[in-house]
Amino acid sequence: MTQMAPFFNDLARGPDGGAAHWVTASDGVRLRMAHWPHAGAKGTMLLFNGRTEYIEKYGITARELAEIGLATATLDWRGQGLSDRALDDRLVGHVGQFSDFQKDVAAFLDYAARMNLPKPWYILGHSMGGCIALRTVLNGAPISGVLFTAPMWGIQMPGVLRTVAWTVTWTADKVALGHLLTPSTSRRPYTEAAPFLGNALTTDRDMYAYMRSQTDAQPDLGLGGPSLNWLNQALRETLALASIPSPDVPALCFLGDLESIVDPQEIKRRMGAWPKGKLIEIENAQHEVLMETPDIRRRAKSEIAAFVERTKENVDA
């Protein structure tokens with residue numbers, strides 16, 4: 001029987017009936033997973049969230065997905081949220097290898113099956129979750145379509161800094177210093193360290209306050225900057241994925257024109273060559289398209305609903 005885990009739906013503001021559980025990955029790492037059911041759901045969105053993120057951050061998103069007939073499930077990746085963290089300093093985001101996240105994915109897909117989450121299943125990957133999702137789809141996940149918001153298929157940084165990043169992170173790994181915080185980043189969660197004005201996540205003040213209120217109320221959910229090893233592994237994984245053609249799976253991707261965290265050019269390159277892919281560029285949107293202004297969120301919700309209907313027709317056929 002699956003063990004219940006802590007779940008803060010009052011902070012999430014998600015649909016009623018949500019629940020979280022502890023799940024153990026194949027290598028023994030304890031993960032927290034959750035789902036928000038929806039009566040009569042036409043399918044389930046398996047939400048792969050980004051670096052630093054956690055289940056409760058997507059409560060409002062789950063509510064909006066329920067409005068178009070979808071249940072939602074998500075998780076805390078290893079190293080963040082309430083899942084096991086690799087370092088004694090829990091505020092430094094760390095992973096041994098990016099392939100470790102696929103162990104989390106395997107456990108998550110098994111969780112979705114054991115919870116009898118309604119099919120068809122869709123994956124929605126945001127930022128780092130978009131990188132993990134692409135690898136998952138390439139591995140043949142049992143889904144009917146995949147969606148992305150600002151997927152991390154490249155990290156935005158000047159060319160000179162990119163060369164330095166490769167050198168420093170490679171060296172850190174060789175001398176057993178990969179656990180150290182990446183220079184120029186902070187141990188504090190981003191929404192605590194950065195004021196709303198000038199932030200890189202959203203133009204919506206209320207949504208920014210929503211994100212900050214969660215880690216204020218439950219500090220254990222928070223995470224600061226990445227370790228040198230996380231950065232090295234992210235650079236390696238995005239480089240490896242760049243050489244692999246996109247799969248023959250329906251895909252929809254959202255990209256804000258104010259994006260400043262991931263590399264927009266790599267997103268445009270891949271989506272331009274995705275056989276069944278569509279890229280939607282949104283004006284005046286930053287990194288968190290699903291946590292932008294109400295008008296932007298309504299447009300995204302409408303596009304997601306249309307995508308689900310199109311892929312459902314393909315499944316039914």
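The values are calculated or read from the model by the stated rules, or taken from the named source; none is laboratory data. Predicted, not measured: the structure shown is a model, and the values here were computed from it. Cβ atoms come from the backbone with ideal geometry, glycine included; neighbour counts cover every protein chain shown. What goes into the accessible areas is simple: the full protein's heavy atoms, side chains included, and nothing from ligands, DNA or RNA. Shrake-Rupley method; radii C 1.70, N 1.55, O 1.52, S 1.80 Å.
Scanning region 29-58 for residues that are part of a loop (DSSP other than H, G, I, E, B), farther than 17 Å from Tyr190 by Cα and either open to solvent by 50 Å² or more (accessible area, probe 1.4 Å) or in contact with a Phe, Trp or Tyr (Cβ under 9 Å, 6 or more places away or on another chain) (or both) gives Pro37, His38, Ala39, Gly40, Lys42, Gly43. Just one residue in the set Val315, Val308 is in a helix (DSSP H, G or I), surrounded by fewer than 16 Cβ atoms within 10 Å (Cβ to Cβ) and either modelled with pLDDT of 95 or more or among the β-branched types (Val, Ile, Thr) (or both); that residue is Val315. Is it the case that Lys119 is open to solvent by 40 Å² or more (accessible area, probe 1.4 Å) and over 28 Å from Leu181 (Cβ atoms)? Against the criterion (open to solvent by 40 Å² or more (accessible area, probe 1.4 Å) and over 28 Å from Leu181 (Cβ atoms)), Lys119 qualifies. Every condition in (1) under 30 Å from Phe8 (Cβ atoms); (2) assigned to a strand (DSSP E or B); (3) β-branched (Val, Ile, Thr) is met by Thr215 except one, and the failing one is (2). Looking across region 13-28 at every residue that is part of a strand (DSSP E or B) and in contact (Cβ under 8 Å) with a residue 60 or more places away in the chain, the one that is most open to solvent (accessible area, probe 1.4 Å) is identified as Thr24.
Would you call Asp216 without any contact (Cβ under 8 Å) to a residue 12 or more places away in the chain and over 18 Å from Ile261 (Cα atoms)? The answer is no for Asp216.
Against the definition (surrounded by fewer than 19 Cβ atoms within 10 Å (Cβ to Cβ) and on the phi < 0 side of the Ramachandran plot), how does Gln97 come out, yes or no? So Gln97 passes the test. Remark: pairs (first residue in region 38-54, more than 16 Å from Asp104 (Cα to Cα) and in contact (Cβ under 8 Å) with a residue 24 or more places away in the chain; second residue β-branched (Val, Ile, Thr) and crowded, with 24+ Cβ neighbours inside 10 Å; Cβ separation under 6 Å; 6+ apart in sequence or on different chains) = Met45/Thr72. Here the condition is being farther than 26 Å from Met45 by Cα and hydroxyl-bearing (Ser, Thr, Tyr); of Ser243, Ser213, it holds for Ser243 alone. Annotation note: of Asp173, Asp204, the sole residue that is more than 23 Å from the chain's Cα centre (by Cα) and acidic (Asp, Glu) is Asp173. Contact map, region 238-266: first residue farther than 12 Å from Cys131 by Cβ, second residue aromatic (Phe, Trp, Tyr), Cβ cut-off under 6 Å, separation 6 or more or different chains; pairs are Ser246/Trp274; Ala251/Trp274; Leu252/Phe307; Cys253/Phe148. Applying the criterion of being open to solvent by 20 Å² or more (accessible area, probe 1.4 Å) and outside any strand (DSSP E or B) to the residues of region 277-289, the residue that is nearest to Asn49 (Cα to Cα) is Gln286.
Candidates Thr74, Thr61: the one that is more than 20 Å from Asp220 (Cα to Cα), surrounded by 17 or more Cβ atoms within 10 Å (Cβ to Cβ), of a type in the set (S, T, N, Q) and in contact (Cβ under 8 Å) with a residue 24 or more places away in the chain is Thr61. Among the criteria (1) out of contact with any Asp or Glu (no Cβ under 6 Å at 6 or more places or on another chain); (2) of a type in the set (Asp, Glu); (3) in contact (Cβ under 8 Å) with a residue 60 or more places away in the chain, the one Glu309 does not fulfil is (3).
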